[in-house]
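Since the structure comes first, as C-alpha cells, the remarks are kept for the end.
Since every read-out is calculated from the coordinates, none of them should be taken as a lab result. Everything numeric here is computed off the predicted structure, so don't read it as measured data. We place every Cβ from the backbone using ideal geometry, glycine too, and count neighbours over all the protein chains shown.
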Amino acid sequence: TRTLAHWFGQRLDPRVAVSGFSQGAATSLALGRALQEGAEAQLQLGALAPISGPYDMSGTLATAMMGEIAFAPAYLAYLTVAWNRLHHLYDSPSEAFLPPFDQTIEALFDNTHPQEEVLPALPETLEELFTPQFLELLREPSGDLRAALEAADRVCDYRPAVTTHLYAASADRDTPIANAFSCREKLESHGARVELTDLGDLDHSASLAPALTRAIELFGSVETGP
C-alpha cells in the first residue's frame, strides 16, 4: 500500500487543522476526536476551530419547538428526513408530515434543491408541516429520536489535546450561541483548554467569513510542523 508521504512527498506534515461551519462544525469535532483516537494512522489532529455549530441538539430542538429558531420548519424538516435515513423515525412520510408535504418533502431534501427552492416550498409554521403525533414526539423525544439526539449531544464529550477555539455569534437565531457555551463547558469538563470568540451582532450566514478568517490565522500561528 502506498503511503500519503509517497504521493505528496516525504515532507508531508501529518498534522491536520480542522474547521467546519454549522452542521460541519459538529462534524469537525467528531473528526477531531476520530483523528486523535487514531482513526487514520498517517494523520494527526493539529488544531480545532468549529464555527457556529449545533453541538447541543437536544437543547436546540427544544428552542426550535418554542419558536425561537429562525427557519424552524425548514431545519426540522431537514433533520427529520435526514435522520429518518439513519435512525428510522417513520415508516411513511405521512406519519410525520401533513398533506401535501408528505408527498413532496423527501424529494425536496434530496441534495439537488438549493435553499431558494426549499424555503418557498415549506409552510411558515410547524403546525402546518408536521402531524400532531410527530409534533408531540419533537416536543418530548423518545425512542429512536431520543437515542439519536443523545448521540449527537456527545460530540463535545471528550478532551481535545490540541489548540481548540470555538466561534459563534450572539445574534445567530439559526444556531444560538448557547450551543458554543454548552460545548465549551463539556470540553473543559474533560480538562480541555478552549477559547470561545463571540463574533457579535451577526446572523448565522454572516458569521462564517469573519470566523473563517480568524480560524486560518489561528492555524497559521499553531505549531503544526515536525
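Between the range 168-226 and the range 12-86, what is the separation of their alpha carbon centroids in Å?
13
Hey, got the dipole for the range 138-226? About the Cα centre, +1 on K and R Cβ, -1 on D and E Cβ, debye to the nearest 20?
Charge dipole of the range 138-226: 180 debye, to the nearest 20.
Count neighbours as other Cβ atoms within 10 Å of each site's Cβ, and list the GluC sites (Glu not before Pro) in the range 110-171 that are DSSP loop with at most 14 such neighbours.
Glu124
Sequence-distant or interchain residues sharing an amide H contact under 5 Å with Leu199, placed H: which?
Result for Leu199 returns Ala168, Ala169, Ser170.
Taking amide H positions as placed in the peptide plane 1.01 Å from N, state which residues far from Gln44 in sequence (5 or more) or on other chains have amide H under 5 Å from it.
Answer set, sorted by chain and number: Arg15, Val16.
In vacuo Debye scattering of the range 141-201, one point per C-alpha: log10 I(q)/I(0) at q = 0.11, 0.12, 0.16, 0.29 Å⁻¹?
Debye output, listed in q order: -0.30, -0.35, -0.59, -1.11.
I'd like the Karplus ³J(HN,Hα) series for the range 151-164: coefficients 6.51, -1.76, 1.60, θ = phi - 60°, whole numbers in Hz, and an x wherever there's a Gly or Pro.
Here the 3J(HN,Hα) series is 5, 5, 5, 8, 5, 9, 8, 7, 10, x, 9, 9, 4, 10 Hz.
So what is log10(I(q)/I(0)) for the chain at q = 0.17 1/Å, when the Debye sum runs over its Cα atoms only?
Values, matching the q order: -1.20.
Assuming a ≥ b ≥ c are the square roots of the Cα gyration tensor eigenvalues, decide whether the range 47-148 counts as rounded (a/c under 1.5), prolate (otherwise, with a/b larger than b/c) or oblate.
Rounded is the answer for the range 47-148, as its axis ratio a/c remains below 1.5.
Need one number: % antiparallel among DSSP beta bridges in the chain, to the nearest 5.
Around 5 percent antiparallel, to the nearest 5.
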